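The values are calculated or read from the model by the stated rules, or taken from the named source; none is laboratory data. Source: prediction; values computed, not measured. Cβ placement follows ideal geometry from the backbone for every residue including glycine, while neighbour counts extend to all protein chains displayed. Heads up: the accessible areas ignore ligands, DNA and RNA and are worked out on the full protein's heavy atoms, side chains in. Shrake-Rupley method; radii C 1.70, N 1.55, O 1.52, S 1.80 Å.
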Amino acid sequence: MVIVAVLLAMSAFYPSCAQELPKPSADLPSVTSSPEPWNDFREFVRPSPPERTVTLVRFASPIQSNVKENNTVEAEIWIPRDAPRPMPVVVLLHYWGASDFVVEERFAKELNFRGIAAVMMTLPYHMRRSPSNVASGTLAIRPDTKHLREGLTQAVLDVKRLVDYLSTKSEFDMQRLGISGVSLGGIVASLVYNVEPRFRCAAIVLGGGDIAHIIWNSSFTVDIRTDFRKKGYTEEQLKEELRPVEPLEYIDPHRGDNVLIIGAKYDEVIPPESTQKLVNAYGNAQVVWLTTGHFGGALVERKLFRTATGFFESKFFAKTFEIPSTISAPTLRLGVVLVPDYELTIAAGMDVWRPKRLRNIVVNGWITPEGPLLWANLELESGFSVGFALTKERLTFGIGWSVVL
């Protein structure tokens, strides 16, 4: 059941690439600019449980794209009823392909429990900002640098306009304003934090710096980088064209004291080296590493969100909170193995042992249609491995390929 759940999550993160690309706007402002003043914020009170009030806010995006649905921003605000006013508030940004706020709602509940309001904002081309016949997030990341710059710039200015709205509300203490995001949301959160000084702290979860490197190396952007290569791009050319929206370009290391970065050691969606680039740029950020891949964090989600919430609480209420250096989580895999007893078969399982000094040696426990398999192997490049397999019959040899979830 865990593997099925992860596969469903993967399908949400990996939108189809078959849709036609929207045309970018002619004039694109800088991410450092401020949106024009806006007063037409539409508020809709939602059914709320006893412990909180829920309000939906809609407003026009400062950047009007050629996709009508994308031009209206939605944000859901959760305010704990019993928290003293004015209260701190954290803006939460979702992952690529999210079709709802289910993950962010669990984060919001942890924040509300600590007396912190939470605001969940829809990123460009997601949820109701995507045409009805297009899956959420499909149009967000495309093999076109102008489109990528516009989408990231739009996301940043959307958040800035959202902050303009929050600043008009007496419930919120704008001196205690934070931002957090997961995966794509983490990349956007890092960029926003660097160019919007009203944010006092940030928790970046499974995000990274050097967007071009992520696109060029992520297991989820294979089709996109293939298209870039067909257009003659190199990673360096892509990096240069994305420089105006690159988080690393705007980082002030003096603000690193108020940053928490949570990365995954075996992440194949956001490469660990990209996360490390953020760590290096901020200098003295607090850092937590998950001992798993991108989706393995879902198995320790509550620990992860409690760590991020404890960080915000320490910043907003001057409380002591010891950030763990690591959070242990199973490293899940999907793959295929070829051994004499089972021939070529699909496999799903997890890492059971990896020596500290020999990082390319790993022992996996696999479940296959042919039976269980213990796989002690040497990891090669591109997910391939060679090693010894203990089947239900004997110890033998084999080759395999796998991807870390």
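Report in % the part of the accessible area of segment 64-121 that belongs to carbon and sulfur, leaving out ligands and nucleic acids; probe 1.4 Å.
Answer for segment 64-121: carbon and sulfur cover 50 percent of the accessible area.
Taking the Cα centre of each part, how many Å lie between segment 135-172 and segment 55-98?
Their Cα centres are 10 Å away from one another.
Give or take rounding to whole Å, what are the principal axis extents of the alpha carbon atoms in the chain, in descending order?
71, 50, 41 Å, listed from the longest principal axis down.
On the accessible surface of segment 279-363, probed at 1.4 Å, how many percent belong to carbon and sulfur atoms? Could you put the intermediate results ahead of the total?
Numbers: 2350 of 4210 Å².
Exposed carbon and sulfur together represent 56 percent of the surface.
Round to the nearest 10 and report in Å² the accessible area of Asp341, as given by a 1.4 Å probe over the protein chains' heavy atoms.
For Asp341, solvent-accessible area is about 50 Å².
Count neighbours as other Cβ atoms within 10 Å of each site's Cβ, and list the trypsin sites (Lys or Arg not before Pro) in segment 118-151 that are DSSP loop with at most 10 such neighbours. Walk me through the numbers before you get to the answer.
Numbers: sites: Arg128, Arg129, Lys146, Arg149; in loops: none.
Answer in residue order: no site qualifies.
Given a 10 angstrom Cα cut-off, can you work out which residue in Glu301, Glu171, Glu236 is the most mobile in a GNM of the chain?
Ranking Glu301, Glu171, Glu236 by mean-square fluctuation puts Glu236 first.
Which percent, to the nearest 5, of DSSP beta bridges fully inside segment 66-175 are antiparallel?
Percentage antiparallel, nearest 5: 40.
With the cut-off at 32 Å, tell me which of the pairs Lys68/Lys160; Lys319/Lys356; Lys146/Lys356 have Cα atoms farther apart than that.
Violating the 32 Å Cα-Cα cut-off are Lys319/Lys356; Lys146/Lys356.
What nm value, rounded to one decimal, do you get for the distance between Ser170 and Asp223 when each label is placed 7 Å out toward the C-beta?
5.2
Could you check how many percent of all C-alpha pairs in segment 305-405 are farther apart than 17 Å? If you can, show how the numbers build up before the last one.
Details: 2827 of 5050 pairs.
Tail of the P(r) past 17 Å holds 56 percent of the pairs.
State the volume of the convex hull built on the alpha-carbon positions of segment 209-254, expressed per residue in Å³ and rounded to an integer.
Spelled out: Cα convex hull of segment 209-254, divided by residues, is 69 Å³.
Once R0 is set to 51 Å, what does the formula 1/(1 + (r/R0)^6) return for the Cβ-Cβ distance between Arg302 and Asp27, expressed as a FRET efficiency to the nearest 0.05? Present the calculation step by step, with values, prior to reporting the outcome.
On the way: r = 45 Å, r/R0 = 0.88.
With R0 = 51 Å, the Cβ-Cβ based efficiency is 0.70.
Starting with the highest mean, order 41-51, 210-220 by the number of other Cβ atoms within 10 Å, averaged over the residues of each peptide.
On the way: 41-51: 10.4, 210-220: 20.6.
Top to bottom by mean Cβ count within 10 Å: 210-220, 41-51.
Give, in nm to one decimal, the length gained when the segment between Ser328 and Leu378 is fully stretched (0.36 nm per residue of separation minus the Cα-Cα distance).
15.7 nm
Counting heavy atoms of the protein chains only and a 1.4 Å probe, report the per residue accessible area for segment 224-381 as a whole number of Å².
With the other protein chains kept in place, segment 224-381 gives 49 Å² per residue.
Ignoring ligands, DNA and RNA, please state the percent of accessible area on segment 175-274 from carbon and sulfur, probe 1.4 Å.
Answer for segment 175-274: carbon and sulfur cover 49 percent of the accessible area.
Keeping all protein chains in place, calculate the accessible area per residue for segment 66-191 (probe 1.4 angstrom), answer in Å².
The answer is 30 Å² per residue.
In nanometres, what is the gap between the two model label sites at Arg81 and Arg42, each 7 Å from Cα along Cα-to-Cβ?
It works out to 2.8 nm between the two label points.
Averaging over every viewing direction, what projected area does the convex hull of the Cα atoms of segment 250-329 cover, in nm²? Can you show the working numbers first?
Working: hull surface 21.1 nm².
About 5.3 nm², averaged over all directions.
Just to verify a number: FRET efficiency for Thr72 and Asp341, C-beta to C-beta distance, R0 = 51 Å, to 0.05? Let's see the in-between values first.
On the way: r = 58 Å, r/R0 = 1.13.
With R0 = 51 Å, the Cβ-Cβ based efficiency is 0.30.
For Thr55 and Glu235, calculate 0.36 nm times their separation in residues minus their Cα-Cα distance, and state this gained length in nm to one decimal.
Working it through step by step, the gained length comes to 60.5 nm.
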